[in-house]
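Undergrad: Before anything else, here's the structure in question.
The values are calculated or read from the model by the stated rules, or taken from the named source; none is laboratory data. Everything numeric in this text was worked out from a predicted model, so none of it was measured. A quick note on method: Cβ atoms are made from the backbone with ideal geometry, for glycine too, and the neighbour counts reach across all protein chains shown.
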């Protein structure tokens with residue numbers, strides 16, 4: 001199965017989310033949240049000075065945006081950008097991906113160390129943010145928490161631990177805390193999970209930058225499908241077009257300077273047989 005290029009001239013696409021018939025994503029190193037239509041038209045939604053990443057929506061339709069460098073969650077109501085939560089107390093370095101559940105509660109990961117300056121590895125945490133902006137750590141000792149999904153019943157959260165090459169699951173209890181930590185699936189050697197999305201059969205698509213592919217995994221780690229792309233695959237999302245379509249955010253580099261110079265990132269697509277499910 002080959003992919004098709006839907007859009008290019010992107011600095012670095014992250015956090016893809018299917019919403020209102022369009023793909024929303026963060027062009028991280030262009031410092032903008034953007035959309036792309038099914039015909040490939042790219043539009044800017046809002047500029048985020050301190051580098052946007054994870055995206056999600058509150059029940060009232062307001063957009064939440066991870067602002068990486070200043071470690072905040074921003075709220076965009078369609079016209080005004082404001083602060084929803086300040087996570088600097090819990091995140092010593094850049095915040096990253098985010099999942100928002102049906103109630104508007106968000107879960108956000110962070111780097112745990114200064115990745116771009118070559119600092120020594122340090123574990124990180126997942127932070128829960130309530131709809132009023134109050135925040136707390138709900139899971140720790142994670143190896144670079146990245147893409148995250150929540151099952152359709154709202155009962156299970158699965159997070160990609162990039163530096164451990166695995167997907168880790170938790171039960172979500174009524175107050176949003178995470179319990180019963182367990183291995184959901186170990187990825188094959190050489191791969192590294194970044195962005196992920198869930199399908200209606202309970203499998204998870206996993207973007208793996210170092211191997212230029214997306215893998216479809218069953219719980220337990222069995223690889224069901226592999227989709228090769230022409231450059232690093234950093235995130236993926238299933239969109240509900242006429243038939244299910246997997247959108248893959250690809251890039252030749254993740255270096256901020258190289259991404260801005262090259263503008264070589266793309267949105268690539270491939271048809272898939274199973275629709276998306278759960279959150280995002």
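Undergrad: Across region 247-276, what is the total count of residues that are assigned to a strand (DSSP E or B), crowded, with 17+ Cβ neighbours inside 10 Å and out of contact with any helix residue (DSSP H, G or I) (no Cβ under 8 Å at 6 or more places or on another chain)? It would help to see each step written out before you state the result.
TA: Applying the first criterion (assigned to a strand (DSSP E or B)) to region 247-276 yields 247-251, 265-271, 276.
If we keep only those that are crowded, with 17+ Cβ neighbours inside 10 Å as well, we get 247-251, 265-270, 276.
Within this subset, residues satisfying the condition of being out of contact with any helix residue (DSSP H, G or I) (no Cβ under 8 Å at 6 or more places or on another chain) are 247-250, 266-270, 276.
Within region 247-276, residues that are assigned to a strand (DSSP E or B), crowded, with 17+ Cβ neighbours inside 10 Å and out of contact with any helix residue (DSSP H, G or I) (no Cβ under 8 Å at 6 or more places or on another chain) number 10.
Undergrad: Here are some residues: 164, 218, 200, 192. Which one is touching a helix residue (DSSP H, G or I) at 6+ places or on another chain (Cβ under 9 Å) and surrounded by fewer than 22 Cβ atoms within 10 Å (Cβ to Cβ)?
TA: 192
Undergrad: For residues that are farther than 14 Å from residue 235 by Cβ and crowded, with 24+ Cβ neighbours inside 10 Å, tally how many sit in region 1-28.
TA: Summing the residues that are farther than 14 Å from residue 235 by Cβ and crowded, with 24+ Cβ neighbours inside 10 Å in region 1-28 gives 0.
Undergrad: Continuing with the same structure: If a residue counts only when it is without any contact (Cβ under 8 Å) to a residue 12 or more places away in the chain, which strands (runs of 3 or more DSSP E) contained entirely in region 170-210 have at least 1 such residues? Before you say what the answer is, go through the steps one by one.
TA: On the way: elements: 178-186, 196-198, 204-208.
The strands (runs of 3 or more DSSP E) meeting that bar are 178-186.
Undergrad: If residue 128 satisfies every condition in (1) under 19 Å from residue 185 (Cα atoms); (2) part of a strand (DSSP E or B) but one, which is the exception?
TA: (1)
Undergrad: Could you pull out the residue among 279, 234 that is closer than 27 Å to residue 155 by Cβ, at pLDDT 95 or above, under 18 Å from the mean Cα position of the chain (by Cα) and surrounded by 15 or more Cβ atoms within 10 Å (Cβ to Cβ)? Lay out the reasoning, then the answer.
TA: Details: 234 fails: closer than 27 Å to residue 155 by Cβ.
Of 279, 234, the one residue that is closer than 27 Å to residue 155 by Cβ, at pLDDT 95 or above, under 18 Å from the mean Cα position of the chain (by Cα) and surrounded by 15 or more Cβ atoms within 10 Å (Cβ to Cβ) is 279.
Undergrad: I'm told residue 234 meets every condition in (1) in a loop (DSSP other than H, G, I, E, B); (2) in contact with a helix residue (DSSP H, G or I) (Cβ under 9 Å, 6 or more places away or on another chain) except one. Can you identify the failing condition by its number?
TA: Condition (1) is where residue 234 drops out.
Undergrad: Which of the residues that make up region 107-127 are crowded, with 22+ Cβ neighbours inside 10 Å and either under 14 Å from residue 177 (Cβ atoms) or touching a helix residue (DSSP H, G or I) at 6+ places or on another chain (Cβ under 6 Å) (or both)?
TA: Residues satisfying the conditions are 107, 126, 127.
Undergrad: Please work out which one of (1) free of Cβ contacts under 8 Å to residues at least 40 places away in the same chain; (2) surrounded by fewer than 18 Cβ atoms within 10 Å (Cβ to Cβ); (3) in contact with a strand residue (DSSP E or B) (Cβ under 9 Å, 6 or more places away or on another chain) is the condition residue 153 fails and give its number.
TA: (3)
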